1. Here are some values of Rg and Dmax of the Cα atoms in Å: (i) 16.7, 53; (ii) 15.8, 54; (iii) 16.0, 48. Which one was computed from this structure?
2. Between Glu69 and Asp48, what FRET efficiency follows from the Cβ-Cβ distance if R0 is 25 Å, with the result rounded to 0.05?
3. Placing unit charges on C-beta atoms (Lys and Arg positive, Asp and Glu negative, everything else neutral), compute the dipole magnitude of the chain about its Cα centre in debye, rounded to 20.
4. Counting only protein chains, not ligands or nucleic acids, how are Met33, Met89 ordered by accessible area (probe 1.4 Å), most first?
5. Going by amide H atoms built from the backbone, whose H comes under 5 Å of the H on Met43, apart from near neighbours?
6. Calculate for the chain the 222 nm mean residue ellipticity that helices alone would give, adding -39,500 (n - 2.57) per DSSP H run of length 4 or more and normalising by residue count, nearest 500 deg cm²/dmol.
7. How about Lys81: which lysines have a C-alpha closer than 16 Å to its C-alpha, ignoring those fewer than 8 places off in the same chain?
8. For labels at Phe60 and Ser31 in the simple 7 Å Cα→Cβ model, what's the distance in nm?
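The values are calculated or read from the model by the stated rules, or taken from the named source; none is laboratory data. Computed from a prediction, not measured in an experiment: that's the story for all the values here. Here the Cβ is made from the backbone with ideal geometry for all residues, glycine too, and neighbour counts use every protein chain on show. Surface areas here come from the heavy atoms of the whole protein model, side chains and all, with no ligands, DNA or RNA. Shrake-Rupley method; radii C 1.70, N 1.55, O 1.52, S 1.80 Å.
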Amino acid sequence: MNVFDRVNIEINGEGRVKFGTPQQKWFGEDSAMQTALFAGQEMIAITDDAGAFLLKYMGFDLGGFRTIEAAKEAGPAFARKVLGRLAEMIADYKEN
């Protein structure tokens, strides 16, 4: 039995603010940059120097989109990929 079988993970005040804000709803009047929250973290769809579009999320970038709409459409899959990669980076605790 691990510790998570015996406890409830609760959202704190900061989490209630982040998760109380609409998720996966894009904001921004600008066709060059828009933002949305995915899993409570900000994702940005923005133009790059070459005029294409890229997504920025939690320190990761994914580029090469022809339109901002194409970038936004890829947002959910990109967020899942980033979150999965972050989960893989976490090693179990081992005493030194």
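1. Read-out from the structure maps to (i).
2. Working: r = 16 Å, r/R0 = 0.63.
The formula returns an efficiency of 0.95 here.
3. Once rounded to the nearest 20, the dipole reads 220 debye.
4. Result of the area sort, largest leading: Met89, Met33.
5. Under 5 Å from the amide H of Met43: Ala36, Leu37, Phe38.
6. So the calculated ellipticity at 222 nm is -10000 deg cm²/dmol.
7. Within reach: Lys56, Lys72.
8. About 3.0 nm separates the two model spin labels.
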